[in-house]
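Working notes for the structure below.
The values are calculated or read from the model by the stated rules, or taken from the named source; none is laboratory data. Here the structure is a predicted model, which is why all the values come from computation and not from measurement. Cβ coordinates were reconstructed from backbone atoms using ideal geometry, including for glycine residues, and neighbour counts include every protein chain displayed.
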């Protein structure tokens, strides 16, 4: 802008001279002109002095000094344009070794040629030896045309003239080559075209969070005045060929991305027609739209994309925005087709067709494979999405093939029923509903778990193998954006007894350290099944377990109050020698088995009347007790009854939880029972 | 006027008393407490630390007063690596947030999280190696 003004001033002065000299003879003369000031809404110039010395040979010297030029907020002082070899003829003016000097801003050699016969003005600026900018203007009584040709233009020089803002990235290098052409008549511009390329462009803001290096791109653009008044047809193509850009949080390299825009522009609207964005390695996005110039509002917009590569789109563009969420470590594959439509700035419809996709959490918390999805969405109406998955897993629990007919109404989802194969059983979800609220997504459902064998479940969870089946009714389960809560009780049938889970809550299930809280009451568990499962040594009988204030962090217990005790009722109560040894291990080094060694050591099994064990887990320490709370240093774990009877005492009241688990896992025999 | 002065003095006393109570509460918190979740977070942070050290050294990443880290000067990181450093910073901050939350929970005082966070903030800064950058009271940066 400033550059153009300087050239205009320069040209205007030369033209003035030219007009003056038309009447002059070729004889020697000296001409001087002084202007106090020139004022314009855009610029001001003060104390303009023009001196022309002309010899009889036709050569002369031109000096123009301007004391001050002010363009908006920029002020330049002592601006000088000089022409040491100045040829002034009747129809030509030539300045072949001129110099333009604006102290502190630029100091460039310039040349000028004006030919009145061909109505041609050429100005050439040479900022460096390898760089030149040529401005050509040719005119007739009906039309004019201008050309700006740039050869090796240094962008760093140009940006020195631009206004600078602290937050704005600063350009440090870059080369521009190309041509801009303008054509018009005396009513104004008719056609303009640009064919430019930029190489080695480097920019960065102060923080380095918005930066680019070695960027090469080409810009081709045309604009033409339409037949309609005040309307322009335009078309632009931008090819990003090389270099890299980091624009927090996205990093992209120029691998041949191409933005093509075309449309119509008038006083009120900008209309986009058949435009496209080709992201190399991702896909092509075709779009069109209408934007109101008053208020810069999008009146209409339509986007269509086919066969978009999900993996690259997600990893390069979407994932950086999700880095503070549970999806930060997710990988997505497959291809999708997408179309969306906006009207008056509001989203009207989306249609997503995802083909053979997968979603995999790199922390292995979940994975869904071979996904096919048709998801239509329309504002203000109900649509049905059809989503299917061949297999997957959540927290190591395998899921089978499933087809989900999901009802979508604005930002509410509803699923009347879903049958999801889980291991060798089935999870039936009913009345699933989800809604997007100001706290994020919230959902709820109820359902039923049809028998899953404990063998497959424990194998999948990589924990101690158990026998039996797991099944139960699932009351309302809800998610409030942070926590999953079970409203009501969760009932599970396992070890031929029942397990009732109260106050079940999963805090931040997809967080780094999910917490599970619950109160669990187990009734009538078959001890034989239980002890066989854990290879604990055979025990016969039934037990109840109360597990109150249970809290797991990262699926490991950090807090609970546990109490195991014999179920009321009449049933066989027998305990094997192996089980006695292992129970004694629970009591630690000081455990004593009260048994009449001399007589009962010959028995493989003993009778008992009651079993009891308590553990309050606090900060990794299990504070243990037996059948009844004991104030003394010992507690009774097994109370004998019948013949042969056995009583097992425990003495170790505090044991590290991990140590206790290790003991159970080893089924240690370190603590030999003391036979009395 | 005297009445207002008395009110103001009482309010000041109350605030001082409340702050002392608050400080003494945090001082009572066991910052070395250990649970499986805390162990797991600490392991995760420890394995990431080796990758972060070069960025602490270069000044690209600095320690904030609230016990987090931030990209302080991305210019110190090659352009192609800035996104991955961003992710490292983000993952570290997620771990740190989880650590403060877990310590507060393990102390049976989830409401202490913010005080635990500030205490850790100061602790990380004290433990920083010479040359590392940290945020000061005036929200500016200083080098150790």
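Only one of (1) on the phi > 0 side of the Ramachandran plot; (2) touching a helix residue (DSSP H, G or I) at 6+ places or on another chain (Cβ under 9 Å) fails for residue A:251. Which number is that? Result: residue A:251 fails condition (1) only.
Taking (1) modelled with pLDDT under 75; (2) closer than 30 Å to residue B:40 by Cβ in turn, residue A:645 satisfies each apart from (2). Do we find a residue being within 35 Å of the chain's Cα centre (by Cα), loosely packed, with under 15 Cβ neighbours inside 10 Å and either away from chain B (no Cβ under 14 Å) or part of a strand (DSSP E or B) (or both) anywhere in segment A:516-532? No - not one qualifying residue is present in segment A:516-532. If the condition is being assigned to a strand (DSSP E or B) and over 57 Å from the mean Cα position of the chain (by Cα), then segment A:86-116 contributes A:86, A:87, A:88, A:92, A:93, A:94, A:95, A:96, A:114, A:115. Restricting the search to segment B:53-84, which residues are facing chain A (nearest Cβ under 9 Å) and within 11 Å of residue B:134 (Cβ to Cβ)? Of everything in segment B:53-84, just one residue is facing chain A (nearest Cβ under 9 Å) and within 11 Å of residue B:134 (Cβ to Cβ), namely B:72.
Among the strands (runs of 3 or more DSSP E) lying completely within segment A:327-404, list those that include at least 1 residues that are under 21 Å from residue A:427 (Cβ atoms). Filter on segment A:327-404 gives A:346-361, A:366-378, A:382-394, A:397-399. If you go through segment B:40-68 and keep only what is in contact with a helix residue (DSSP H, G or I) (Cβ under 7 Å, 6 or more places away or on another chain) and surrounded by 21 or more Cβ atoms within 10 Å (Cβ to Cβ), you end up with B:41, B:55, B:60, B:61, B:63, B:67. Restricting attention to segment A:538-582, the residues being in a loop (DSSP other than H, G, I, E, B), at pLDDT below 85 and more than 14 Å from chain B (Cβ to nearest Cβ) number 1.
The set of residues in segment B:84-104 that are buried (at least 20 other Cβ atoms within 10 Å of the Cβ) and more than 25 Å from residue A:515 (Cβ to Cβ) comprises B:85, B:86, B:89.
Can you pull out every residue in segment A:193-222 that is at pLDDT below 95 and over 19 Å from residue A:240 (Cβ atoms)? Across segment A:193-222, the qualifying residues are A:205, A:206, A:207, A:208, A:209. Looking at the structure I just gave you, is residue B:110 in contact with a strand residue (DSSP E or B) (Cβ under 6 Å, 6 or more places away or on another chain), farther than 30 Å from residue A:214 by Cα and within 14 Å of chain A (Cβ to nearest Cβ)? In short, no. Of the strands (runs of 3 or more DSSP E) lying entirely inside segment A:239-311, the ones with 1 or more residues being touching a residue at least 12 places away in the same chain (Cβ under 8 Å), more than 14 Å from chain B (Cβ to nearest Cβ) and more than 22 Å from the chain's Cα centre (by Cα) are found at A:257-265, A:269-279, A:283-292, A:297-309. Looking only at residues in segment A:425-480 that are in a helix (DSSP H, G or I) and within 38 Å of the chain's Cα centre (by Cα), the one that is nearest to residue A:325 (Cα to Cα) is A:460.
The combined condition, being at pLDDT below 90 and buried (at least 17 other Cβ atoms within 10 Å of the Cβ), is fulfilled by residue A:452. Taking first residues from segment A:419-438 that are surrounded by 17 or more Cβ atoms within 10 Å (Cβ to Cβ) and partners that are assigned to a loop (DSSP other than H, G, I, E, B), the Cβ contacts under 8 Å between residues at least 6 apart in sequence or on separate chains come to A:420/A:400; A:422/A:400. Evaluate the following for residue A:215: is it within 25 Å of the chain's Cα centre (by Cα), within 14 Å of chain B (Cβ to nearest Cβ) and either part of a strand (DSSP E or B) or surrounded by fewer than 15 Cβ atoms within 10 Å (Cβ to Cβ) (or both)? In short, yes. Consider residue A:132 carefully, then state whether it is under 26 Å from residue A:99 (Cα atoms) and more than 14 Å from chain B (Cβ to nearest Cβ). Judged against the criteria, residue A:132 is a match. Annotation note: of A:514, A:557, the sole residue that is touching a helix residue (DSSP H, G or I) at 6+ places or on another chain (Cβ under 8 Å) and either within 25 Å of residue A:621 (Cβ to Cβ) or in contact (Cβ under 8 Å) with a residue 60 or more places away in the chain (or both) is A:557.
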